[in-house]
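**Q** Below is one structure. I have some questions about it.
The values are calculated or read from the model by the stated rules, or taken from the named source; none is laboratory data. All figures in this text were calculated on a predicted structure; none of them were measured in a lab. Cβ: placed from backbone, ideal geometry, glycine included. Neighbour counts: every protein chain shown. Remember, those area values only see protein heavy atoms, side chains included, never the ligands or the DNA or RNA. Shrake-Rupley method; radii C 1.70, N 1.55, O 1.52, S 1.80 Å.
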Amino acid sequence: MAQDTTVPKLNFEYWLDKAVEWAQATTLESQKDVCLHLPQLQEFLHQLYETIKHLGPTAAIQQFPLIGQLLGRLCWNPFVIGYDESQKTLMWCLCCLYSSEPQNAVELKANSWIRSLLCHLLSSSKWESNEAETSTFISALGYTSADYYCHLVKNMVVSLVTELRENQFNGLSIQENISASRVNAISIFCVPLITLPDLTPLLETLLLYHGGSSKEVLSSEFLEAVNEAFLKKKISLPESAVFSLWLRHLPSLEKATLHLLDQVFSIQLNSLEEVACIIKDSLLPQAASHPAIFRIVNEIFKNALMETDGTSEVITIIKVFTQLFLLAYQNENKQPKFPLKAYFPYHHQPLVRSLVRRPFELSTTYWSQHVKHISDMLKALVEDTNVSSLTDLFEIWFLVACFGEWLDIAAEQLLKAAVESDPVLWLLAFYYCPKNENQQRTQTMVEAQAVYNHLMMLFSCTDLSLKDLEAAVCRVTGIERCCNQRLTMHLLTNFLLFSSGGHKIAQECIYHITEITDTSKEVYNLLIHTAYRLNHSGEENQRTVKLMNELLQKLKLKV
């Protein structure tokens with residue numbers, strides 16, 4: 001039985017026959033035969049793994065229809081799993097058959113079978129051929145079987161973590177380096193077990209691991225599975241590990257950003273605090289402290305904005321994300337790791353620096369001056385003959401939209417402070433009407449100026465009626481939905497919130513406008529942005545805050 005041990009390199013049928021033969025015979029001769037073939041079997045298993053690791057579960061089973069029978073029989077042979085690295089190689093092979101997204105009952109059942117085999121292999125040891133002896137040994141250690149296996153998994157994780165970390169420290173020592181294929185195999189082994197809490201230290205170590213290879217050493221299946229589990233809150237990871245995941249695997253970063261958009265779209269916005277909480281919890285603003293992540297997330301936001309035709313929800317997400325990013329950037333960069341230009345490499349840097357200044361960093365007496373400075377720089381850029389393409393114009397507009405806090409302040413300053421109105425109105429007109437085809441922005445400016453002049457005449461009046469605002473209201477309700485309407489609605493809403501007599505007719509006026517136009521959502525978003533800014537600016541205006549809350553409650557039913 002043990003005479004011929006010369007076997008072709010990948011003779012699948014031969015090894016399947018051997019596995020069946022070894023399972024049925026328990027004689028000393030059969031055990032000797034197993035032992036004589038172990039080195040060649042290990043080589044075969046390694047070659048099998050190398051063959052199937054890039055195929056995917058379906059293709060692997062198509063090429064080797066009886067692979068499950070072979071691996072299943074070998075996993076229960078104590079001589080096989082006790083020899084050298086055969087046990088680990090069996091695990092790698094099983095992981096290659098695991099479906100990360102099972103499509104039917106057969107694949108679900110196969111995944112369950114693979115998990116049971118992996119658990120069996122994890123709980124096996126080289127001397128565990130006698131179950132009674134093993135049980136006695138475990139009891140002598142003071143453990144139950146469950147405790148023992150739990151400690152076994154922990155010890156295995158500690159061993160692999162130590163091995164990987166030592167390799168990091170000894171990166172210059174060629175002899176001690178772990179091969180890229182071994183690190184890749186470890187990552188594949190983790191895929192079916194990712195949600196096990198005891199595996200978390202290994203996940204973190206793998207994500208932070210950087211060997212000498214210029215290519216990614218971790219399997220894409222592992223990176224995708226970790227990202228999926230993190231997004232579904234099935235695992236908890238340190239921020240550094242999550243950031244490393246997104247830096248080394250672009251599809252995971254894209255999926256995390258789209259997941260955030262879906263999350264915010266799926267709820268009704270009650271306040272920007274709620275939106276800020278969701279965005280901060282995603283870790284994306286914190287991760288964006290790395291310029292590469294920031295720029296990729298911004299590109300995804302731009303695409304979302306274009307695909308949704310500039311919907312207010314996406315703009316809200318972008319504005320809040322940018323505010324949270326700035327907080328993270330300022331907190332982490334007291335000794336800056338990266339200059340602002342790394343985040344906005346193609347923009348006019350003086351404009352970037354002005355927009356990045358948070359309102360609370362300046363005295364309110366300087367707000368008007370700062371808004372004028374932004375407007376002047378922006379106008380010079382937009383009217384530059386070099387800015388001719390719509391793409392260039394969109395990039396400038398998107399930069400301004402990211403820092404929308406200054407736009408809200410600009411609209412307020414028009415009514416609340418003695419300001420030079422032309423630059424501020426131009427800034428708002430550009431935001432609501434960036435293209436100037438057929439003098440559209442110029443016309444918007446003319447109409448906005450007329451509305452502004454009318455509202456300023458009424459600003460100090462304490463006794464107002466809806467009829468007094470008829471001219472402004474007609475400009476909102478009497479034209480088709482366009483930039484003129486949106487800008488006028490912005491000015492009118494602020495007038496109702498901040499003027500002496502506006503509070504009395506605010507509900508009546510806004511209800512009238514939203515009844516005959518489809519501006520409910522825009523007014524609602526304007527109000528939650530204003531509420532958020534007032535709550536965080538320290539401005540004492542309880543009447544305005546109370547009015548906004550009442551308006552939000554009424555509009556919520558219509559949004």
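**Q** Would you kindly calculate the mean projected area, averaged across all directions, of the convex hull enclosing the Cα atoms of segment 35-109, in square nanometres?
**A** One quarter of the hull surface, i.e. the mean projection, equals 5.0 nm².
**Q** If packing is taken as the average count of other Cβ atoms within 10 Å, what order do 545-551, 361-367, 286-292 fall into, highest mean first?
**A** 286-292, 545-551, 361-367
**Q** At 0.36 nm per residue, and after removing the present C-alpha to C-alpha distance, how many nm does the segment from Tyr511 to Asn11 gain when stretched out fully?
**A** Fully extending the segment from Tyr511 to Asn11 adds 172.1 nm.
**Q** Within segment 254-271, list the residues whose amide N lies under 13 Å from a label point set 7 Å along Cα→Cβ of Glu313.
**A** From segment 254-271, the list is 259-270.
**Q** Let me ask something additional. Considering only C-alpha atoms, what is the centroid distance from segment 290-310 to segment 432-470, in Å?
**A** 32 Å
**Q** Counting heavy atoms of the protein chains only and a 1.4 Å probe, report the per residue accessible area for segment 12-124 as a whole number of Å².
**A** Averaged over the residues of segment 12-124, the accessible area is 49 Å².
**Q** If each of Cys277 and Gln63 carries a label point 7 Å out from its Cα toward its Cβ, how far apart are those two points in nm?
**A** Here the answer is 5.1 nm between the modelled labels.
**Q** Continuing with the same structure: Pull out the extension gain between His46 and Asp422, defined as 0.36 nm times the separation in residues minus the alpha carbon to alpha carbon distance; nm, one decimal.
**A** In short, 127.9 nm is gained.
**Q** For Lys154 and Ser116, what does the FRET efficiency come to when R0 = 30 Å and r is the distance between their Cβ atoms, rounded to the nearest 0.05?
**A** In this case the efficiency is close to 0.90.
**Q** How much accessible surface area, in Å² rounded to 10, belongs to the heavy atoms of Arg543 with a 1.4 Å probe?
**A** In the full protein context, Arg543 sits at about 150 Å².
**Q** Still on this structure: Per residue, how many Å² of accessible area does segment 404-472 show with a 1.4 Å probe?
**A** Spelled out: the 1.4 Å probe surface of segment 404-472, per residue, equals 43 Å².
**Q** Continuing with the same structure: For Gln103 and Glu166, FRET efficiency with R0 = 41 Å and r from the beta-carbon atoms, rounded to 0.05?
**A** The calculated FRET efficiency here is 0.50.
**Q** Also: Using a simple charge model, +1 on the beta-carbon of Lys and Arg, -1 on the beta-carbon of Asp and Glu, nothing else, what dipole does segment 272-430 show about its Cα centre, in debye to the nearest 20?
**A** Dipole size: approximately 640 debye.
**Q** Here's another thing I want to ask about it. Could you give the nm distance between label points at Glu85 and Glu395, where each point is 7 Å from its Cα heading toward the beta carbon?
**A** 4.9 nm
**Q** Multiply the residue gap between Leu196 and Lys337 by 0.36 nm, knock off their C-alpha separation, and tell me the result in nm, one decimal place.
**A** Difference between extended and current length: 47.2 nm.
**Q** While we're here: Could you tell me what percent of the accessible area of segment 221-332 is made up of carbon and sulfur, with a 1.4 Å probe and every protein chain present?
**A** 54 percent
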